[in-house]
Amino acid sequence: MANTGQTFQNPMSTSSQNLRITGESMGEFLPGETQALQSRLEIQEVMIQLFIHRSVIEPILVPAVVEPLLVLILAGAARVEERALGGEWEAVEVNTGDFFFTSSDEPYEMRWQTHGGDTFEVMHLYLGLPLIEHASRELWGHHAGPVRLRDVSGARDGRIAFFMEQLRTELVMERSPSALFARSLAQALAVHLVRSYLAESQPGR
């Protein structure tokens, strides 16, 4: 386990803790090194970010985001701890291929300690709400209302890892990226999330 820690001044003040941000702003709230992406096209419903994280000893406040957020561990391993504001810490050990998912409208705290090296690398994927809504209508009918998806921490799902890796390849590495192909991957991922990760309680039910 690496013993190096990182001190980071989180810009979210107490008065703004109830705000939700868009994915574009997340880099301002995380202490990791953001990797520059050379994407050749932009898709409104899909955004990815790549971070390199070192150990964070002091808790950081992570704001809620408007879009559902998936985080895939690309390299390295770490012990990640999370808690709701004022709650108890919950820890999970993560390795390459594990993922986190949140669509919560509440901020939360995190800290992590890397294993076997100084850093671990992650990919953030933000899915536009229209993708989730379209998946819900396709699965449950045109009169289906909004759906609530459950948060997941440090789990492993081969389909999620596959779709996220394919999106990274298409949007970052492909010389001739296709918006249709990338959007199709994102929509298929949204269908998988709605089908497999519904919360037990749903709005209006």
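Bear in mind that the values in this text are calculations on the coordinates, not laboratory data. No experiment lies behind these values; they were computed from the predicted model shown. Here the Cβ is made from the backbone with ideal geometry for all residues, glycine too, and neighbour counts use every protein chain on show.
Worth a mention:
- Charge dipole (debye, nearest 20) of the chain; +1 at Cβ of Lys and Arg, -1 at Cβ of Asp and Glu: 460
- Contact order for the chain, expressed relative to its length and based on alpha carbon pairs under 8 Å spaced 6+ residues apart, stands at 24 percent.
- GNM top mover of Thr22, Thr119, Thr34 - the chain, alpha-carbon springs below 10 Å: Thr22
- Neighbourhood net charge (13 Å Cβ-Cβ; Lys/Arg +1, Asp/Glu -1) for Arg79: -4
- Gain on full extension, evaluated as 0.36 nm per residue between Arg137 and Ile57 minus their Cα-Cα distance, stands at 24.5 nm.
- Rounded to the nearest 10 degrees, the inclination of helix 179-196 to the longest alpha-carbon principal axis of the chain is 80 degrees.
- If R0 equals 30 Å, the separation of the Cβ atoms of Arg195 and Met173 corresponds to a calculated FRET efficiency of about 0.60.
- Here the extension length gained between Ala188 and Asn95 equals 31.0 nm, from 0.36 nm per residue of separation less the Cα-Cα distance.
- Selected from Ser55, Val194, Met26, residue furthest toward positive end of dipole (the chain; charges at beta carbon): Val194
- Of Asp98, Asp118, Asp157, the residue with the greatest mean-square motion in the GNM of the chain, using alpha carbon springs below 10 Å, is Asp157.
- Folded to 0 to 90 degrees: helix 158-168 orientation relative to the chain principal axis, Cα: 90
- Distance cut-off 27 Å, percentage of C-alpha pairs in the chain lying past it: 30
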